[in-house]
1. Kindly indicate whether any position in region 196-205 is open to solvent by 10 Å² or more (accessible area, probe 1.4 Å), farther than 20 Å from residue 359 by Cβ, in contact with a helix residue (DSSP H, G or I) (Cβ under 7 Å, 6 or more places away or on another chain) and among the charged types (D, E, K, R).
2. Hey, can you tell me all the residues within region 152-192 that are closer than 25 Å to residue 212 by Cα, in a loop (DSSP other than H, G, I, E, B) and more than 16 Å from the ligand (Cβ to nearest atom)?
3. So, in region 234-255, of the ones that are of a type in the set (A, V, I, L, M, F, W, C) and surrounded by fewer than 24 Cβ atoms within 10 Å (Cβ to Cβ), which residue ends up nearest to residue 52 (Cα to Cα)?
4. Quick one: count up the residues across region 9-44 that are under 28 Å from residue 136 (Cβ atoms), hydrophobic (A, V, I, L, M, F, W, C) and open to solvent by 60 Å² or more (accessible area, probe 1.4 Å).
5. Quick check: is even one residue across region 106-119 open to solvent by 40 Å² or more (accessible area, probe 1.4 Å), outside the structural domain of residue 362 (by TED's automatic domain parsing) and among the hydrophobic types (A, V, I, L, M, F, W, C)?
6. With respect to the numbered conditions (1) away from the ligand (no atom under 16 Å from the Cβ); (2) part of a helix (DSSP H, G or I); (3) in contact with a Lys or Arg (Cβ under 8 Å, 6 or more places away or on another chain), which one is the sole condition not fulfilled by residue 147?
7. With the structure loaded, tell me whether residue 231 is under 18 Å from residue 79 (Cα atoms), at pLDDT 95 or above and open to solvent by 10 Å² or more (accessible area, probe 1.4 Å) or whether it fails that test.
8. Would you please list the contacts, defined by Cβ atoms under 7 Å and residues six or more apart or on different chains, that run from a residue in region 71-82 that is over 16 Å from residue 275 (Cβ atoms) to a residue that is aromatic (Phe, Trp, Tyr)?
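The values are calculated or read from the model by the stated rules, or taken from the named source; none is laboratory data. Remember, it's a predicted structure, so these values are computed and weren't measured experimentally. Backbone-built Cβ (ideal geometry, glycine too); neighbour counts: all protein chains shown. Surface areas here come from the heavy atoms of the whole protein model, side chains and all, with no ligands, DNA or RNA. Shrake-Rupley method; radii C 1.70, N 1.55, O 1.52, S 1.80 Å.
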Amino acid sequence: MNYEDRVAKRAKSIEISTIRYFFNMVKDVPGAISLTIGEPDFVTPRHIIDAAYESLLEGKTGYTVNAGLIELREEISKYLKRNYNVGYKPDGEILVTIGATEAIYIALNTLVEDGDEVLIPEPSFVAYDPCTKLAGGKSVFVPTYEEDNFVLKAETLEKYITDKSKVLVLPYPNNPTGAVLPYEEMVKLADIVKKYDLLVVTDEIYSELVYDGFKHVSFASLPNMWERTVLINGFSKSYAMTGWRLGYIAAPEYFVKHMTKIHQYDVTSASTQSQYAGLEAMKNGENDIKFMREKYDERRKFLYDSLIDMGFECFEPKGAFYIFPSIKKTGLTSAEFAKRLLYEAKVAVVPGSAFGEHGEGHVRMAYATSLDNLKEAVKRIEKFLRNFK
Ligand SMILES: Cc1ncc(COP(=O)(O)O)c(C=O)c1O
């Protein structure tokens, strides 16, 4: 008897992310510099760790309410108002989740029914498609192009809309391209959203990591968009808290009350000590964000300038901590390029194809690593290109 045959089709329909595959391959190459993983190289700031530790010592070791500590939801509510001018009631319109990852899962499972189409800009983060499939929906990938700075264009989006389209995912600042969504483009997208009566899930996990004076705008702050938008954000990237697994959803109560049920039966609540850490981060973490953003910005400029000097065609990213140069000139596929760069130059990058068909021809480099590492990586890439046959 082959028991695996009895695994549900939904589980079989999704695959492990190929980013992990490349990340794991790095371990086979001693001395390789990894630019693969989208994770801050900083340790969580000490005062945040202390707050979690103190909460444990004070005996706060039980569950919290499903939606998360009310004090934390109050801080999230103030933060969203202060930074993005969007209003959410702490009680009823905010749900604390296990990272943005759980938030994406919950949001799509709450909004998507069998056969519904979810519009996903491509290239983008790898979770939207499997979460759509697990919800019974169908992913429709909407290309974004380098010549448009990887911005989702309203006219492109419109071409992919059918009578089954229900949800638009808006993942900006973007992983893997580092693109941001300018306000004037958002306004055009909002017109399409209204015209076709779409719901919107915005993944704003990199909202704090924007550069060159760019101002992140929450899509929900646009006229008439709040009612139909689910805002997702979290602590992983802005406060270097990936391991704490803490994120949140902010949305109208008529969505959040159903999302809370999925969250309840899935995980009960986010880890209590992580929530206390998040509370401290929200209250006193502003300077930490600023410090890390400045470091990323320095690395971003260095890596961008170096890639241009080496002759890469490369769009200058304005957000997140990724850069997405074109490798088309080498004549290799992105997977071939990444493999050769790893084995011949000991630099690990992620092939653009890991982010969908429209990522092909590019590789993703994460600059969430020290400037010294980046300098060494650049030296190795230069040598690799000099000897490239
Ligand atoms: C665009 C995007 N959304 C969500 C996540 C997941 O974040 P979290 O650690 O909060 O689950 C990531 C992580 O790489 C990401 O790049």
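1. Looking through region 196-205, none of the residues is open to solvent by 10 Å² or more (accessible area, probe 1.4 Å), farther than 20 Å from residue 359 by Cβ, in contact with a helix residue (DSSP H, G or I) (Cβ under 7 Å, 6 or more places away or on another chain) and among the charged types (D, E, K, R).
2. Selection gives 153, 182.
3. Initial filter on region 234-255 (of a type in the set (A, V, I, L, M, F, W, C)): 235, 240-241, 244, 246, 249-251, 255.
When the remaining residues are screened for being surrounded by fewer than 24 Cβ atoms within 10 Å (Cβ to Cβ), the result is 240, 255.
Numbers: 240: 15, 255: 30 Å.
If we take residues in region 234-255 being of a type in the set (A, V, I, L, M, F, W, C) and surrounded by fewer than 24 Cβ atoms within 10 Å (Cβ to Cβ), then 240 is nearest to residue 52 (Cα to Cα).
4. Number of matching residues: 1.
5. no
6. (3)
7. Working: under 18 Å from residue 79 (Cα atoms): yes; at pLDDT 95 or above: yes; open to solvent by 10 Å² or more (accessible area, probe 1.4 Å): no.
Criteria not met by residue 231.
8. 80/88
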